[in-house]
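Below is one structure; the comments refer to it alone.
The values are calculated or read from the model by the stated rules, or taken from the named source; none is laboratory data. What you see is a predicted model, and the numbers here were worked out from it, not measured in a lab. Here the Cβ positions follow ideal geometry from the backbone for every residue, glycine too, while neighbour counts run over all protein chains shown. For accessibility, only protein heavy atoms count, side chains too; no ligands or nucleic acids. Shrake-Rupley method; radii C 1.70, N 1.55, O 1.52, S 1.80 Å.
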Amino acid sequence: MSEDTLLSASRLTLRFGAVPALVEVDAELWPGEVLAVVGESGSGKTTLLNVLSGRLRPQSGVVWYRDPEGRLHDVHAMPLPALRALHRSDWGFVHQNPRENLRLGVTAGGNVGERLMAQGSRHYGRIREEAIGWLRQVEIDADRVDDLPRTFSGGMLQRLQIARTLVTHPRLVFMDEPTGGLDVSVQARLLDLIRSLVSRLGIAAVLVTHDLAVARLLAHRIMVMQRGRVVEAGLTDQVLDDPRHEYTQLLVSSVLQA
Amino acid sequence: MNTGYNFAYLDEQTKRMVRRAILKAVAIPGHQVPFGSREMPLPYGWGTGGIQLTASIIGPDDVLKVIDQGADDTTNAVSIRRFFARTAGVAPTTRTGDASIIQTRHRIPEKPLREDQIIVYQVPQPEPLSRLEPSRAETRRMHALSEYGLMHVKLYEDITRFGHVAISYDYPVMVNHRYLMAPSPIPAFDNPKLHMMPALQLFGAGREKRIYAVPPWTDVRSLDFDDHPFRAARAPHSCGLCGATDGYLDEVVVDDRGGRLFVCSDTDHCETRRAAGHTGADALAAE
């Protein structure tokens, strides 16, 4: 692992019974970099995300994380309180379905403010101000701050989830199909938003997607997975313009040209 | 005294088990300790937890006071007092100052308690996070890791919707800067009395099988925001019988023409004041 890597995984292996979900997977992520993990359903993308973020324990292999002070942590050997604290502050997780992450009975402001309160913010006015600021950043009208998420559209829910995740200024965000289940014009707007936020705030991200267009738009580097193995990895444009592995070639050629 | 039962109804092994739970609860203020709650001769919700605690700590020389909503003369209080008079033969009292053990539901007496007294609360729901997080496994983890942001989300929501924290009873508290605790359904008005109380406070939840405690002189803070500090709300009236302006009041409907009478909910407090010559505006009409 080099001096400044943010996250580094080596030889991750995990089987669900006879099904190999991850086979000897290596991955590295540098600060401010977006890494896309692509592949078809069942190729192990989401499993890899869960293992990298410490939510799932691999059968072998290790994941290292470098904190802001430069200390290295073995993610799976960390005590639970430390890991949960990391998930609340330095890390963020954006789910495919925003309803899994949001509290639907709590107002938009409460949803965005929850991570602040979990970190010990005890000033109502400041929490609310911060929440309104973040709603603006994700292009939600400030006067929706007291509305319940169930009155929001799918695209707005996803943007609300992003605001809720970014409010603590995480250095690393895990995204699981952030544009899945949205129609094309909403997807485009959301991608634009994610791209500008990530570059402006200098956030590193691991992005799982089956949509090569999403990967091309957002990611600096790309990893192609098939049956738990990384078959090809490299700079996004390089891999997508000149795919070497036959499975990558198949993926690239199966994208519909509008 | 009825001699057909063991002293104070419970058998000695059960009392020992409950006492062990009490000792553990006192050692970890605010932490909910599981215990083997027994079937008692009264229904769940009527104070089975409190009655087991009282049965385990009571001795022949104790003086017992039982209150329900502050009153000594309501069904629940009368039944439990008679229960211990029959099974333990202890002397009952209605005077707060004379009691060595006070079992209570929904109130803390107005008269400050002393170091030689124990107050036993009847608790329907010991888990302060129960309305917010349905999984008990998860709430236990939240207690273990001291992750109480969710409770503040609830307070945030209340201020957003109502302009103030709209919890009028069972107002959550932090005990000894560590555990979030449900103070049982006492009015938020009574919360400040929990803080640095000289008496030992025991909490028993019979159906939920949990015991917890606040040792004497322990820091107990009601949750709030810096810019929305905790306020102990009380009806803006004086007691109609004794004229008290400091106690917690019950609102009593006295006729079908909109008549209202505000009286102290703590009957002992009210009687003591009236015996000392205080009278309220409605004292004559009430007689």
- Task: Using the Karplus curve 6.51 cos²θ - 1.76 cosθ + 1.60 with θ = phi - 60°, work out ³J(HN,Hα) for each residue of segment A:134-140 in order, rounded to whole Hz, and write x for Gly and Pro.
- Result: 6, 4, 4, 4, 9, 6, 10
- Message: For a quick check: with amide H placed at 1.01 Å from N, whose amide H comes under 5 Å from residue B:169's, ignoring anything fewer than 5 positions away on the same chain?
- Response: B:188
- Item | Which of A:73, A:41, A:86, positive extreme of dipole for segment A:38-134 (C-beta unit charges) | A:86
- Note on the structure: Sorted by chain and then number, the residues having a modelled amide H within less than 5 Å of the amide H of residue B:71, at least 5 places away or on another chain, are B:267
- Item | For segment A:1-60 versus segment B:1-17, the gap between their alpha-carbon centres in whole angstrom | 61 Å
- Query: Do any trypsin sites (Lys or Arg not before Pro) in segment B:47-109 lie in a loop, going by DSSP, with at most 14 other beta-carbon atoms within 10 Å of their beta carbon, and if so which?
  - Reply: B:95
- Task: Just subtract the alpha-carbon distance of residue B:252 and residue B:95 from 0.36 nm times their residue separation and send over the number in nm, one decimal.
- Result: 54.2 nm
- Provide the buried accessible surface between chains A and B in square angstrom, both chains summed, 1.4 Å probe, rounded to the nearest 100. 1800 Å²
- Roughly how many debye, to the nearest 20, is the charge dipole of chain A about its Cα centre, given +1 on each Lys and Arg Cβ, -1 on each Asp and Glu Cβ, and no other charges? 780 debye
- Task: Would you grab the residues whose amide H sits under 5 Å from the one on residue B:235? Only those 5+ places off in sequence or on another chain, please, with H modelled 1.01 Å from N.
- Result: B:249
- Label-point separation, residue A:59 to residue B:176 (7 Å along Cα→Cβ), nm: 4.5 nm
- Note on the structure: Summing -39500 (n - 2.57) over every DSSP H run of at least 4 in chain A, dividing by its residue total and rounding to the nearest 500, the 222 nm mean residue ellipticity is -11000 deg cm²/dmol
- Query: Once phi is turned into θ = phi - 60°, what whole-Hz ³J(HN,Hα) does the Karplus curve with 6.51, -1.76 and 1.60 give for every residue of segment B:21-26, x standing for Gly and Pro?
  - Reply: 4, 5, 4, 5, 5, 5
- How about residue B:154: which aspartates and glutamates have a C-alpha closer than 14 Å to its C-alpha, ignoring those fewer than 8 places off in the same chain? A:114, A:146, B:133, B:170, B:224
- Task: Would you compute, from DSSP H runs of 4+ residues alone, the mean residue ellipticity of chain B at 222 nm, taking -39500 (n - 2.57) per run and dividing by the full residue count, rounded to the nearest 500?
- Result: -8000 deg cm²/dmol
- Message: Between segment B:231-252 and segment B:90-114, how far is it from one alpha carbon centroid to the other, in angstrom?
- Response: 20 Å
- What aspartates and glutamates sit close enough to residue B:111 to cross-link, taking a C-alpha to C-alpha distance under 20 Å and skipping anything fewer than 8 places away on the same chain? B:62, B:68, B:72, B:73, B:98, B:190, B:219, B:246, B:250, B:266, B:268, B:271
- Accessible surface, 1.4 Å probe, highest first, among residues B:238, A:254, B:56: A:254, B:238, B:56
- Can you run phi through the Karplus equation (6.51, -1.76, 1.60; θ = phi - 60°) for segment B:4-14 and list ³J(HN,Hα) in whole Hz, with x for Gly and Pro? x, 10, 5, 4, 6, 6, 6, 6, 5, 4, 5
- Filtered hits (lysines, Cα-Cα < 24 Å from residue B:209, offset >= 8 within chain) -> B:15, B:24, B:65
- Note on the structure: Within segment A:162-258, the percent of DSSP beta bridges that are antiparallel, given to the nearest 5, stands at 55 percent
